[in-house]
Every structure is written in C-alpha cells, then in structure tokens.
Amino acid sequence: MTDLMSGTKWVIKEKVMVNIGVLVSGRGTNLQAIIEAIEEGKIAGEIKVVMSDNPDAYALKRAQQYHIATRYINFKGFKNREDYDKEIIKILEEKKIELVVLAGYMRILSPYFIRTYQNKIMNIHPALLPSFIGLHSQKQAVEYGVKISGCTVHFVDEGIDSGPIILQKAVEVCDDDTEESLAEKILEEEHQIYPRAIQLFCEGRLVIKGRRVLIK
Ligand code: GRF
C-alpha cells in the first residue's frame, strides 16, 4: 500500500497463521476447546483439516459445525500402519499442514509419520507423564493411590507417551474420586493447557533442547 501524500510505502504486518491438522477418534472435547480458542483469536493458527479413523467420531461433527474440512480414512483399506499413515500424510501435505495435533486419536503413529513431522506433532495425555502411560491413565492413577495426577501436552516421538513435555497441569486426587470423576477433573485442565501449548507453538515460542522444551 502506498501513502498518496508522501509516497511512503506502508508495511502491513500480517499475522502469519500456522496450518493445523487434527487427528481424532472420539468425542472431541479437546478439539472443541482448540476451535474455541482459535475463534477467540488466541491462537495464530487455522485448522485446515480434521481426520479420523472412526467414521462415527463425534469430533468430526464438531468440526463440520465450524465448516472445517473433515476426512474419515478407513484403516481396513491399507495393509499396514505405515501405508495408512502415508495416506494421512498425503492429505496433510495437500493442506500444507505445519502442526499435527492428536486429540484423542487412538492409533499409534508409525515411525515414518513421526520422522516426516519431527517435532511437529503434539499429543495430550491424561496423567502427569512419565506416570501412567498408555490407556486408562485415570484408572491407573486411582488404583495406584496417587494424591496428585493431571495432564501433559508433549511432542510425539517414537515411544509411547515419551516425547518432550511442553506443559503439565496437576489436579488433586481426593479420597472419594473414581476413575470417572478424576477423568472429568483432568479433562477440564486439558481444555486449558492444550490450546495454550498450541498457541505457544504457533507463536514460535517452543524450543526443544534434548528432552526439555523451553518456552521463550
Ligand atoms: C483425553 O482424555 C485425552 O487426554 C486423551 O484422549 C481423551 C480425548 O478426549 N488423549 P476428547 O476426545 O478430546 O474429548
């Protein structure tokens, strides 16, 4: 744009939006929290596609309500995990995705996927890692008898829930907590820290140094 009076060039500072792809398998409450944070202008990013291995995932409906492109990819059509992931990557590349967000995605990613998007895949886990990895973390926490549990956002590496930790939030485990009540408490915190971690990524403020993620 040129100022007609002085002929000076104005530099219009545009917000650079990060292209986000989200993988889901279920109800999608974390997806919902992320969408809402984007709608509120808190995240300099845009969800370009939501993909699922489950055609009935309610998360797909949530995305459609916001006119976000969705794709269901049936695992049965592929001979192994890597071939399936290659199909997903094809779509991520078409959409020029720069950050892959796993939000209740129930499949383990192949090493090929992880190498292709090295340090660009995030996951949320409903426990304070490295405790209670894998499935049913809230049940594991109650049965173990811990007094504190919580949630963790981390980058995804080739291990199970083992990548560098971005953010964590603790919740108290009370005497009368059950797996369900603890899950509910943790979920509330998940909805706070996942959008926040994505916001930090989109602002280029996450620096990975070995196992540590520094927030600039
Ligand atoms: C959350 O508990 C998350 O920590 C775990 O899967 C669940 C997904 O819930 N990875 P939702 O589909 O986002 O509601």
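Key figures
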quantity	calculated
Of residues in the range 1-39 being at pLDDT below 95 and of a type in the set (S, T, N, Q), the one farthest from Val153 (Cα to Cα)	Ser6
Residue ID - farthest from the ligand (Cβ to nearest atom), chosen from residues in the range 152-193 that are open to solvent by less than 10 Å² (accessible area, probe 1.4 Å) and out of contact with any Phe, Trp or Tyr (no Cβ under 8 Å at 6 or more places or on another chain)	Phe155
Members of the range 163-201 that are closer than 30 Å to Ile20 by Cα, in contact with a Lys or Arg (Cβ under 7 Å, 6 or more places away or on another chain) and not in a helix (DSSP H, G or I)	Pro164, Leu167, Val171
Search result, residues across the range 86-128 that are of a type in the set (A, V, I, L, M), more than 16 Å from the ligand (Cβ to nearest atom) and open to solvent by less than 10 Å² (accessible area, probe 1.4 Å)	Ile88, Ile89, Ile91, Leu92, Leu99, Ile114
Residues of the range 34-59 satisfying the condition of being farther than 18 Å from Ile121 by Cα and within 11 Å of the ligand (Cβ to nearest atom)	Asn54, Ala57, Tyr58, Ala59
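The values are calculated or read from the model by the stated rules, or taken from the named source; none is laboratory data. As the structure is a computational prediction, the values presented were derived from the model and not from experiment. FYI the Cβ positions are ideal-geometry reconstructions off the backbone, even for glycines, and counts take in every protein chain you see. Accessible surface areas use protein heavy atoms only, side chains included; no ligands, DNA or RNA. Shrake-Rupley method; radii C 1.70, N 1.55, O 1.52, S 1.80 Å.
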